[in-house]
Amino acid sequence: MSIDLTALPIRAATPMPYRAGGVQASALGGAILQVDRMGDRWSFQFETPMMQLEPDGRQWQALFDQAERAGAIVRVVQPGFVAIAPGAPIVAADTALGRAIPLSGLTPAYPIRAGQWLSIISGGRRYLDKAVAEVVADSAGLATVTIKNLIRAPLSAGDVVELAVPKIEGVISGDFNAPWPSNRLSSFSFTVTEVR
């Protein structure tokens, strides 16, 4: 079970696409093809603000030690963006292919913005992605959101969609043995990469 690091203060976050597809060029001068594959996912580099080594640094370091073995869940910060009252969104119908995901349980007229991050909990695992176009929920709280990457795993009706506080779940790497300077302040830098 992944270690919950969602309370960790984040100073900076850098999203990095992890591509399974790519561009295929012909060796003989033919057309260049964009190859789209299910498996594109996300990796994020995170940096914390400076914090007191005792007790904060010590306690977070202990959680990082656990997360290196079990995986981590970290919230995805969207500076300046506030997802006000999205409701209780869920996947509205079983969906296995493509990029369009039907949602229900949204607050009527709630706008999902282009570029807004969201995570979906399906089969006990989170899948992070972002909307590529704005869509507004109808009066019944229904909307279909189009995401950047192809759906990576079948989604089931009722899967929870995290719009207010999206999160990334995956393997964590970084140098968690932060120096212990004489001023007793330090920060951590690390990367979380989705495993599927």
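The values are calculated or read from the model by the stated rules, or taken from the named source; none is laboratory data. Because the structure is predicted, anything quoted here is derived from the model rather than measured. Ideal geometry is used to build each Cβ from the backbone, glycine not excepted, and the neighbour counts take in all protein chains shown.
Among residues of segment 146-196 being assigned to a loop (DSSP other than H, G, I, E, B) and at positive phi, the one that is modelled with the highest pLDDT is Gly158.
For segment 93-145, a tally of residues being over 25 Å from Asp36 (Cβ atoms) and either in a strand (DSSP E or B) or not aromatic (Phe, Trp, Tyr) (or both) returns 15. Just one of the listed residues (Asp138, Asp94, Asp129) is surrounded by 21 or more Cβ atoms within 10 Å (Cβ to Cβ) and at pLDDT 95 or above, and it is Asp129. Summed over segment 1-40, residues that are more than 17 Å from the chain's Cα centre (by Cα) and among the basic types (Lys, Arg) total 1.
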